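Have a look at the structure below, then the notes.
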Protein chains: 2
Amino acid sequence: MLEQLERTAVELAAEHGYDAVTVEMICEACMTSPRTFYNYLGSKEAAILGPRTPFASEEQVRRFVHEPTDDVLVDFLTMVIDSLTEVAVDPALYRLRQRVIYTTPELSAKRLAIDGEMEARYRAVVVERFRAAGRTEATDAELDDEAHMVIALSRGVLTYTAAKWYEPGFDRTVRELIENSIVLVRRVLTTSS
Amino acid sequence: MLEQLERTAVELAAEHGYDAVTVEMICEACMTSPRTFYNYLGSKEAAILGPRTPFASEEQVRRFVHEPTDDVLVDFLTMVIDSLTEVAVDPALYRLRQRVIYTTPELSAKRLAIDGEMEARYRAVVVERFRAAGRTEATDAELDDEAHMVIALSRGVLTYTAAKWYEPGFDRTVRELIENSIVLVRRVLTTSS
DNA sequence: AGGCATATTTGCAGGGTATGCAGAAGTGTA
DNA sequence: TACACTTCTGCATACCCTGCAAATATGCCT
């Protein structure tokens, strides 16, 4: 039932636009009552957004912390992207969902806010990595600041990547996109003009 | 009237929390009707968010495009921050507003979305600067990509800066914060681990 | 099958945001 | 005072969402 409600919500929103679809419509299509919809999903938004994006697994975090390359940003982005692409389930529905979210400002905003809630946790992970790498010369505050910035930059890169990913003529893999993004970051920060 | 409604909305929200304040409350405090509130403001959100953040002025854009230093990111951030801090008006109300927004996830999200709408325009400005600097070796698509990344990174830095700015013990100026942020960006991208 | 406990589903009342519309109230002018 | 014009207001309506209690379905035991 939950699955059917979500699917129907996403499909209807993709077809008519998020605002044009009412909870009642979704329920009629699913032959159930609005009250049940709210019991399962809590809100119309939640139906479209779907399950919360997962935090990186313990194993992924462990690798990030204890098997560093010489580039935090790349490692961090790799970890996050890996955790995101692990979800799988129904790829068609997944992509439809993303499309609806991405084309509805209200929903992208909400999604950004939700993902932002994980940032504090990720920040701690980054600090842990710094510590593990023997960064003992810096104070806690300094490392936390630096971790904060790693997260902030990653957010930028991920935003950029997501935009590319949802552009009409998308053909490359996420990994290629991220690699391309990193190259771009370096270019922006090293070349003049 | 409009001003009074906004001020009252922000003050009540700061005191009781955004969700706890109803439009009716605001209107009672202002001795007016809910209908008038909606005539002026359109939504409760709008009352708290206030006027849209302005785009950089023509003069600021001109300087960014034609008087480049060797660092796009710094120049871009400088331009944006300058345009943001030019607003002025009532500083106390301004800060109260920011605080309410920053402490209400729903509102920060919305604000981020609104600001995001200016990114396309800023991207064009960055490309213009690249062109003015004689970057003729690159294709349009390449420059646009690079500009896109400048914006994405800036968003990250601005997010970081905003977080710092609204931390309890804030004492430094925005300019100092930005400079500090840039240093941090470079460190993250150049030092190992 | 009948009876029973539990879980799921539903209806209903109500509070909140927001919009369209038409009429009321205020304002300035001849 | 009469008129035009702007501003404000009330009312009806649509939609989102929540709490509560009743109805329905489900599974299990005798």
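The values are calculated or read from the model by the stated rules, or taken from the named source; none is laboratory data. Owing to the predicted nature of the structure, the values given are computational and were not obtained by experimental measurement. Here the Cβ positions follow ideal geometry from the backbone for every residue, glycine too, while neighbour counts run over all protein chains shown. Accessible surface is based on the protein model in full, side chains and every heavy atom, while ligands, DNA and RNA are left aside. Shrake-Rupley method; radii C 1.70, N 1.55, O 1.52, S 1.80 Å.
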When the residues of the stretch A:1-24 are narrowed to those that are within 8 Å of DNA strand D (Cβ to nearest atom) and farther than 19 Å from A:ALA109 by Cβ, which ends up most open to solvent (accessible area, probe 1.4 Å)? A:GLU24
For the stretch A:31-61, enumerate the residues that are within 16 Å of DNA strand D (Cβ to nearest atom), away from every other protein chain (no Cβ under 14 Å) and of a type in the set (Ser, Thr, Tyr). A:THR32, A:SER33, A:THR36, A:TYR38, A:TYR40
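Across the stretch A:94-142, which residue is surrounded by the most Cβ atoms within 10 Å (Cβ to Cβ) among those that are among the β-branched types (Val, Ile, Thr) and touching a Phe, Trp or Tyr at 6+ places or on another chain (Cβ under 8 Å)? Full working, then the answer.
Restricting attention to the stretch A:94-142, the residues satisfying the condition of being among the β-branched types (Val, Ile, Thr) are A:100-101, A:103-104, A:114, A:125-127, A:136, A:139.
If we keep only those that are touching a Phe, Trp or Tyr at 6+ places or on another chain (Cβ under 8 Å) as well, we get A:100, A:104, A:125-126.
On the way: A:VAL100: 23, A:THR104: 19, A:VAL125: 20, A:VAL126: 25.
Among those that are among the β-branched types (Val, Ile, Thr) and touching a Phe, Trp or Tyr at 6+ places or on another chain (Cβ under 8 Å), it is A:VAL126.
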Please name all residue pairs, on different chains or six or more residues apart, with Cβ atoms under 9 Å, provided the first residue is in the stretch A:92-111 and is free of Cβ contacts under 8 Å to residues at least 24 places away in the same chain and under 13 Å from B:LEU107 (Cα atoms) and the second residue is open to solvent by 30 Å² or more (accessible area, probe 1.4 Å) and polar (S, T, N, Q). A:ALA109/B:SER108
Does at least one position in the stretch A:179-186 carry a residue that is open to solvent by 10 Å² or more (accessible area, probe 1.4 Å), more than 22 Å from the chain's Cα centre (by Cα) and facing chain B (nearest Cβ under 8 Å)? yes
Criterion (without any contact (Cβ under 8 Å) to a residue 60 or more places away in the chain and among the aliphatic types (A, V, I, L, M)) met by exactly one of B:ALA132, B:ALA141: B:ALA141
Just to verify a result, which residue in the stretch A:18-34, among those that are over 18 Å from A:LEU93 (Cβ atoms) and outside any helix (DSSP H, G or I), is farthest from DNA strand C (Cβ to nearest atom)? A:ALA20
When you go through (1) open to solvent by 20 Å² or more (accessible area, probe 1.4 Å); (2) away from chain B (no Cβ under 12 Å); (3) more than 13 Å from DNA strand D (Cβ to nearest atom); (4) part of a helix (DSSP H, G or I) one by one for A:VAL89, which number turns out not to apply? (4)
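Would you check if there is a residue in the stretch B:112-130 being among the hydroxyl-bearing types (Ser, Thr, Tyr) and more than 18 Å from B:ALA163 (Cβ to Cβ)? Outline the logic, then answer.
At the first step, the residues of the stretch B:112-130 found to be among the hydroxyl-bearing types (Ser, Thr, Tyr) are B:122.
Now restrict to residues that are more than 18 Å from B:ALA163 (Cβ to Cβ): B:122.
Scanning the stretch B:112-130, I find at least one residue that is among the hydroxyl-bearing types (Ser, Thr, Tyr) and more than 18 Å from B:ALA163 (Cβ to Cβ), so the answer is yes.
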Filtering the stretch B:146-163 down to residues that are at the interface with another protein chain (Cβ under 9 Å from one of its Cβ atoms) and open to solvent by 30 Å² or more (accessible area, probe 1.4 Å) yields B:ARG155, B:LEU158, B:THR159
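Does the stretch A:62-73 contain at least one residue that is within 14 Å of chain B (Cβ to nearest Cβ), more than 20 Å from A:VAL157 (Cα to Cα) and not in a helix (DSSP H, G or I)? Quick ask: steps written out before the conclusion?
Filtering the stretch A:62-73 for residues within 14 Å of chain B (Cβ to nearest Cβ) gives A:64-73.
Subset that is more than 20 Å from A:VAL157 (Cα to Cα): A:65-67.
Those left that are additionally not in a helix (DSSP H, G or I): A:67.
Within the stretch A:62-73, one or more residues are within 14 Å of chain B (Cβ to nearest Cβ), more than 20 Å from A:VAL157 (Cα to Cα) and not in a helix (DSSP H, G or I).
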How many of the residues in the stretch B:134-157 are modelled with pLDDT of 90 or more, among the small types (Gly, Ala, Ser) and either over 27 Å from the mean Cα position of the chain (by Cα) or over 18 Å from B:THR69 (Cα atoms) (or both)? 0
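Restricting the search to the stretch A:1-17, which residues are within 12 Å of DNA strand C (Cβ to nearest atom) and either hydroxyl-bearing (Ser, Thr, Tyr) or not in a helix (DSSP H, G or I) (or both)?
To start, the set of residues in the stretch A:1-17 that are within 12 Å of DNA strand C (Cβ to nearest atom) comprises A:1-5.
Within the stretch A:1-17, A:MET1 is the sole residue that qualifies.
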Tell me, yes or no, whether the stretch B:35-49 has at least one residue that is surrounded by 13 or more Cβ atoms within 10 Å (Cβ to Cβ), part of a loop (DSSP other than H, G, I, E, B) and not assigned by TED's automatic domain parsing to the domain that holds B:ARG95. no
More than 14 Å from chain A (Cβ to nearest Cβ), surrounded by fewer than 20 Cβ atoms within 10 Å (Cβ to Cβ), more than 30 Å from B:LEU5 (Cβ to Cβ) and polar (S, T, N, Q), is that true of B:THR173? yes
